[in-house]
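The next block holds one structure in the form of structure tokens; read it before the comments.
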Amino acid sequence: MSDGERNDTLAKLKDAVNGESLPGAPYRSWVRGEYQLGTTPEDIPTPRCHFFDEHGFVFIERFCDADEVLAMKDEMSLVVEEEWDPSANRTQVFRTDEKQVDAQAVSDYFLDSCNRTAFFAEKDAIIDEKTGELKEDYKSNKILALNKVGHGTHTSDGAFKDYTTSEKVRSLLRELGWKA
């Protein structure tokens, strides 16, 4: 995607978030379920909330500032280098193909990642899925072998926890209907 196409897409998303018209009662929310729109501000979804309820995501330009991004990137590099030892544990491959269900059902690694940092490799970065050993090209720069790191990364002290528990994130969650 070219920069021009990307900018056009972002502009359309921004217009959609800011320009959605509210539906009539009843209203269906991802978070609150179905309810009747009332006349109080708490009963009327914001344009961002309405867009989220309609599409399942919301686009917020520059919600994460450059310092936050840098802090999380630096922390991720450190976590990968210090905490991920592919040779100690069988490296899990994160799949989004027809083998996804089988791969995630083989062990508890995927499910147990909800409350800790877990590492998932690209399938082309490992020699053998049974051993999880990284290919030589990735051993000196492990971060390139990763597909994702999750799902409980935010539970450890540091940049990810600071960001996910920040007032702006809590405020957004309240706006979208979650109780904080």
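Can you report the number of residues in region 169-180 which are open to solvent by less than 60 Å² (accessible area, probe 1.4 Å) and either at pLDDT below 90 or not hydroxyl-bearing (Ser, Thr, Tyr) (or both)?
Total satisfying the criteria: 5.
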**OP:** Find all pairs meeting these conditions: Cβ atoms under 9 angstrom apart; at least six residues apart or on different chains; first residue within region 152-169 and part of a loop (DSSP other than H, G, I, E, B); second residue open to solvent by less than 20 Å² (accessible area, probe 1.4 Å) and among the hydroxyl-bearing types (Ser, Thr, Tyr).
**Re:** Gly152/Ser113
Original post:
Which of the residues that make up region 129-151 are free of Cβ contacts under 8 Å to residues at least 60 places away in the same chain, of a type outside the set (A, V, I, L, M) and assigned to a helix (DSSP H, G or I)?
Top reply: Glu136, Asp137, Tyr138, Lys139
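The values are calculated or read from the model by the stated rules, or taken from the named source; none is laboratory data. All figures in this text were calculated on a predicted structure; none of them were measured in a lab. Quick reminder, even Gly has a Cβ in these numbers, built from the backbone with ideal geometry, and neighbours come from all protein chains shown. Just so you know, the surface numbers come from the protein's heavy atoms only, side chains and all, with ligands and any DNA or RNA stripped out. Shrake-Rupley method; radii C 1.70, N 1.55, O 1.52, S 1.80 Å.
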